[in-house]
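Each value in this text was obtained by applying a stated rule to the coordinates, not by laboratory testing. What you see is a predicted model, and the numbers here were worked out from it, not measured in a lab. Please note: Cβ atoms are built from the backbone with ideal geometry, for glycine as well, and neighbour counts cover all protein chains shown.
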Amino acid sequence: MTARQAGAKIARREISARELTESVLGRIDQVEEQVHSYVTVLRDSALAQADSVDKALLNGEKLSPAAGIPIALKDNLSTVGIETTCSSKILRGYKPPYDATVVNSLNAAGAVSVGKANLDEFAMGSSTENSALFTTRNPWNVAHVPGGSSGGSTASVAAGEALWSLGSDTGGSIRQPAAFCGVVGLKPTYGRVSRYGLIAFASSLDQIGPITKDVYDNALLLNLLSGHDPLDSTSSTEPVPDFTQSLTKGVKGLRLGIPKEYFAEGVSAQVKSALDTAIKQLEILGAIIEETSLPTTEYALACYYIIAPAEASSNLARYDGVRFGHRTERAMTPLELFNKTREEGFGPEVKQRIMIGTYALSAGYYDAFYLKAQQVRTLIKREFESAFNKYDALITPTAPTTAFAIGEKSDDPLAMKLSDILTIPINMAGIPAISVPCGLSDGLPIGLQIIAPSFKEETLYQVAYAYEQSTEWHKSKPNL
Ligand code: GLN
């Protein structure tokens, strides 16, 4: 069931929130050994949340569409009193003293949090293989990665271990795993959703977003997450529409640009052919399709790997063995305490990024690397802005290939990073994008990415829903 279908059944009292939660917990018992989506399963608190929804229903209270619906939370979202690890050894045992704003909103709506989902350590990666705890498997083929870094969040939804989930996206971490797992994932406009309580990776890029089985559910969940939050000064005061209202507008007369750089070398033949078919479908539905060019695309990945590590090196300076999680037992002096805690607590990818970021920010290299990357970032942003003078949205693949095999890229950091080449430019520009299923190749899903101007998530939903409803891809399910 989608969240919308389950919510309707709860409202009509055909099922209780407890029954739904029990069934999802049962599914977790059944498949978790194969999939490994969760760092923590919140069995007792989930049942308690479900019971209070059932009680409210008995009292005739009007419920939110999320009430009683089981959700998975990426384990970089702070949950009061519940271990929040970022899948890092350095945060093991850390229990936040407060909830993230999005968690608060979900709780207020009566959502049922069933678990904290696995990720690449501190959200740095594209496969969950950088998790210090374990690797999550792709429910479509457990020898393959689910993508990352929100791999636990997307796998849990694809495997039926949650009805929907939250992820975070700094360079593609919602959209790329959504494409790999055959679910719908949206990265909102920078500022659309409060990041208060999201453990920071790269603060000028990070956004929290919804991962769902279909486009309708996605709009429903974004409704709950969006809006200004006085606790996050980067959250926007832009008005929040009801996103479900734009779903049925259709694509007739919409101008859709196809940037040729997103179909270049490295994009597999299967992905290209699925995209060709999807673009033809949008044309049949009445969209005006035109090829276009975004020449700065090729610089986005290089700039991202200066800016994101620079911000990470600063954000991760706080893990010193004093305030959070892990503390070394081998220190004689305060300096040793910091150094050894960090040496023991961080994994190799995180250490590499801290070193690259520190280097790029150091005197002498700041101008050559960091400042230069910020200048190119402005060019990328302007190039999208001028494309949107001509087009309502842009259509691209979400990832160059389908999910790769576990171990296939884990020894080759460059190959791994290239899997985000089609999602990173969007974060650099701060604009929103969505991934929707558009095909299967050798039993593995392919994702279609739709990109829109700032605060035009409505356009994303309009295109995504029209496409989804005219195809069957969202109905295919993995056979676990
Ligand atoms: N895979 C990219 C990285 O490793 C993006 C991660 C993300 O969006 N959190 O940085």
Within-14-Å neighbourhood charge of ASP214 [Cβ basis; K, R +1; D, E -1]: +1
Cβ-based exposure ranking for GLU311, GLU19, GLU161, in which fewest neighbours within 10 Å come first: GLU19, GLU311, GLU161
Flagged links, alpha-carbon separation over 31 Å, of LYS95/LYS351; LYS62/LYS381; LYS9/LYS74; LYS89/LYS187: LYS62/LYS381
Ordering of 265-271, 252-258 by packing [mean C-beta count within 10 Å, highest first]: 252-258, 265-271
Mean-position separation - Cα centroids, segment 403-480 and segment 226-294, in angstrom: 11 Å
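Return one quarter of the surface area of the convex hull spanned by the alpha-carbon atoms of segment 147-289, equal to its mean projected area, in nm².
Seen from a random direction, the Cα hull of segment 147-289 projects 9.8 nm² on average.
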Length-normalised contact order for the chain - Cα pairs under 8 Å, 6+ apart - percent: 18 percent
Order by protection proxy (mean Cβ within 10 Å, highest first), peptides 25-32, 162-169, 471-478: 162-169, 25-32, 471-478
Order by protection proxy (mean Cβ within 10 Å, highest first), peptides 117-125, 405-413, 343-351: 117-125, 343-351, 405-413
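Could you list GLU283, GLU261 in order of exposure, starting from the residue whose Cβ has the fewest other Cβ atoms within 10 Å?
Lowest to highest Cβ neighbour count: GLU283, GLU261.
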Computed helical MRE - 222 nm, the chain, DSSP H runs ≥ 4 contributing -39500 (n - 2.57), nearest 500: -12000 deg cm²/dmol
SER87, SER126, SER233 arranged by Cβ crowding within 10 Å, fewest neighbours leading: SER233, SER126, SER87
Net charge of neighbours whose Cβ lies under 13 Å from the Cβ of SER87, counting Lys and Arg as +1 and Asp and Glu as -1: -2
Label-to-label distance, nm, for residues given as SER52 and GLN352 (7 Å Cα→Cβ offset): 4.3 nm
Where labels lie 7 Å past Cα in the beta-carbon direction, separation of THR237 and GLU343 in nm: 5.0 nm
Net charge of Cβ neighbours under 10 Å - reference ALA67; Lys, Arg +1; Asp, Glu -1: -1
Efficiency of FRET from Cβ geometry, GLU329 and THR378, R₀ 41 Å, rounded to 0.05: 0.30
